[in-house]
Amino acid sequence: MKIDRLLSIITILLQRNKVTAPELARRLEVSRRTILRDIDDICRAGIPIITYQGGDGGISIAEGFKLDKSVLSVEELQSIIAGLKSLGSVSDTARIEGLISKLSPNNEAVVSIKDSVLIDLSSHYKSSLSEKISLLKAAISENKLVSFEYYSEKGVSTRTIEPYYITFKWTAWYVFGFCKDKNSFRLFKLNRLWRQKMMDETFLPREIPAERQDLDEYFSDENKIVVLFDKSAEYRLVEEYGPGCYTVMEDGRLKFSIGYTNKEYMISWLLGFGDKARVVEPMELANEMKEKAKKIIFNYEHDI
């Protein structure tokens, strides 16, 4: 938006004594002519801009003119900028950088953020994830339906939803919306969502019931499991669930108890430990693990 660009130009000029039109054009991803028109608009708004010709030329704000750039402390700004940079890993980088420029009281603040806090909210599918988030944000702002193919343990299905918001939770990105196919509010994991398309059809936003707004309810932990792990698997348990997730048995093994939602995911997670994990409860799940192990052995004992 033009107002965002004008504010970015003013902030950059306040931070630096002089900057060239080509540099502003490059940073804001517009033409040099657009920058010159923006400078004229800033002058008409009452901020005195001076242009210098020649090899050492450029654009600057008249000496003596001051604007209060910030009512926040550097520490507060650093926290905000850290959050903005994390969003920049899955969003429009140019826009994020422009917003950071508006907020930064000086260049040193930005440098310190780079040195101390780095948050990457993307995944192996960074480019496609950014595209999905951009499309969903546009659909949410315009109240437009979105269709996509969704991969789950039941196979691939085509869904159409009314998107309401995007959330990063449980180490992954999700879109929350009303599924037209299932006639209910659902969460969809973006890495399982492909060939998405924003439709021309619009929708009238529904009122979301309070009980449906608690996202944790979509992943209830009613199924309980008890597993004995070899001591060598301790670092993985700590990495995923923390040091208080198990008790140490007399023989040195680790007793791990937890609730789970998706049985297939839990089985595949446990199989990843090989012979370092043994399911104790429930016996039904232990038996399923045995059957899975038998099938794995069968696959390796027979020629492809």
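The values are calculated or read from the model by the stated rules, or taken from the named source; none is laboratory data. Source: prediction; values computed, not measured. Glycine also receives a Cβ, built like all others from the backbone with ideal geometry; neighbour counts cover every protein chain displayed.
Could you tell me how many of the residues in region 106-147 are buried (at least 17 other Cβ atoms within 10 Å of the Cβ) and either modelled with pLDDT under 55 or on the phi > 0 side of the Ramachandran plot (or both)?
Adding up the residues that qualify gives 3.
Looking at Leu14, is it out of contact with any helix residue (DSSP H, G or I) (no Cβ under 9 Å at 6 or more places or on another chain), among the hydrophobic types (A, V, I, L, M, F, W, C) and touching a residue at least 24 places away in the same chain (Cβ under 8 Å)?
yes
Kindly list, by first and then second residue, each pair from a residue in region 163-187 that is of a type in the set (Asp, Glu) to a residue that is modelled with pLDDT of 90 or more, limited to pairs with Cβ atoms under 9 Å and residues at least 6 apart or on different chains.
Listed pairs, sorted by first residue: Asp181/Ser157; Asp181/Thr158; Asp181/Arg159; Asp181/Thr160; Asp181/Ile161.
Just checking, does region 14-37 include any residue being assigned to a helix (DSSP H, G or I) and either under 16 Å from Glu63 (Cβ atoms) or in contact with a His (Cβ under 8 Å, 6 or more places away or on another chain) (or both)?
Yes: one or more hits.
I'd like the full set of residues that are surrounded by 11 or more Cβ atoms within 10 Å (Cβ to Cβ) and assigned to a loop (DSSP other than H, G, I, E, B), limited to region 230-253.
Result: Asp230, Cys245, Met249, Arg253.
Restricting region 254-304 to residues that are touching a residue at least 24 places away in the same chain (Cβ under 8 Å) and in a loop (DSSP other than H, G, I, E, B), which is nearest to Lys154 (Cα to Cα)?
Asn262
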